[in-house]
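*Asks:* I have a structure here, written as structure tokens, and I will follow up with some questions on it.
The values are calculated or read from the model by the stated rules, or taken from the named source; none is laboratory data. This one's a predicted model, so the numbers in the text were calculated from it and none came from an experiment. Positions of Cβ are backbone-derived with ideal geometry, glycine not excepted, and every protein chain shown enters the neighbour counts. Protein only, heavy atoms only, side chains kept; ligands, DNA and RNA dropped before computing areas. Shrake-Rupley method; radii C 1.70, N 1.55, O 1.52, S 1.80 Å.
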Amino acid sequence: MYYSYPGYQNMGFRQQNDETKLNRLTVTGEGSVSAVPDQAMITIGVITENMNLSTAQKENASKTSSVINALMSLGIPQQDIQTSSYRIEPQYNYENGQQTFRGYRVEHQLQVTVKDISKTGQVIDQAVASGANSVSSIQFSVSNPDVFYNQALTAAIQNAQQKAVSMARAMQVILQPVPIVVQELSQPLPPTPIPFQAATLAQSTGTPIQPGENKITATVKIEYTYS
């Protein structure tokens, strides 16, 4: 059975209408934490050239196998060594508008995950000594980024709350402590690769690698009401 009380008619409409008239204050907050990387991802390649394609492929395969065996001897499991690209391209010289065939170029790139970050320099040196002639990038990262991102997210919310309190105090209004909207504006970013030159690596003895720190940042948008 349904009862209609005149005093409560259209209450839902009035509540909704009242909410639209509330004074609103919108702030953004940013938080960041520093994390020491505990793993590295290195892109290591073997590039060979020869007039005969089969010879270039065989030479490349032999050197790549040597590089893989050298990496595994350092304690890197085979599942952490993956082919990221394999390319075969004809090469030409251009002189006086003339195109001359120079041979075939075979390139095999390996993506290597180093979970013992202290071995990063040793991994590069051992790979180069075993036949690698390309190290295109190194990416340092943490194995549990969500933990640090959540810390940054908490700091971002606190930063937004402090801003809202300061603004309400300056306006001499009463801020409602519970926000009506909380929006995450950021997402964890992948680590930034560090480029390397093969020629420099080939001439170096004991490649020094400094992982430094990763700065993990979060941003939020929060909307409060005040009276």
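*Asks:* What fraction of the Cα pairs in the stretch 104-189, stated in percent, has a spacing above 22 angstrom?
*Replies:* Here the long-distance tail beyond 22 Å is 57 percent of all Cα pairs in the stretch 104-189.
*Asks:* To make sure I understand the rule: partners must be lysines, Cα under 20 Å from the Cα of K221, and not fewer than 8 residues away in the same chain. Which ones qualify?
*Replies:* K163
*Asks:* Per 10 Å bin from zero, what fraction in whole % of the C-alpha pairs of the stretch 9-144 is there, up to the bin with the longest pair?
*Replies:* 11, 28, 18, 12, 8, 7, 8, 6, 2, 0
*Asks:* Can you give the accessible area per residue of the stretch 67-121, in Å², using a 1.4 Å probe?
*Replies:* With the other protein chains kept in place, the stretch 67-121 gives 61 Å² per residue.
*Asks:* Roughly speaking, to the nearest percent, how much of the stretch 49-182's 1.4 Å accessible area is carbon and sulfur? Present the calculation step by step, with values, prior to reporting the outcome.
*Replies:* Numbers: 3770 of 7820 Å².
Carbon plus sulfur share of accessible area: 48 percent.
*Asks:* Could you pull out every one of the lysines with an alpha carbon less than 18 Å from that of K115, ignoring same-chain neighbours closer than 8 positions?
*Replies:* Excluding near neighbours in sequence, the set is empty.
*Asks:* Can you tally the net charge around V123? Count Lys and Arg as +1, Asp and Glu as -1, for every other residue whose Cβ sits under 14 Å from the Cβ of V123.
*Replies:* Taking every Cβ under 14 Å from that of V123, the sum is -1.
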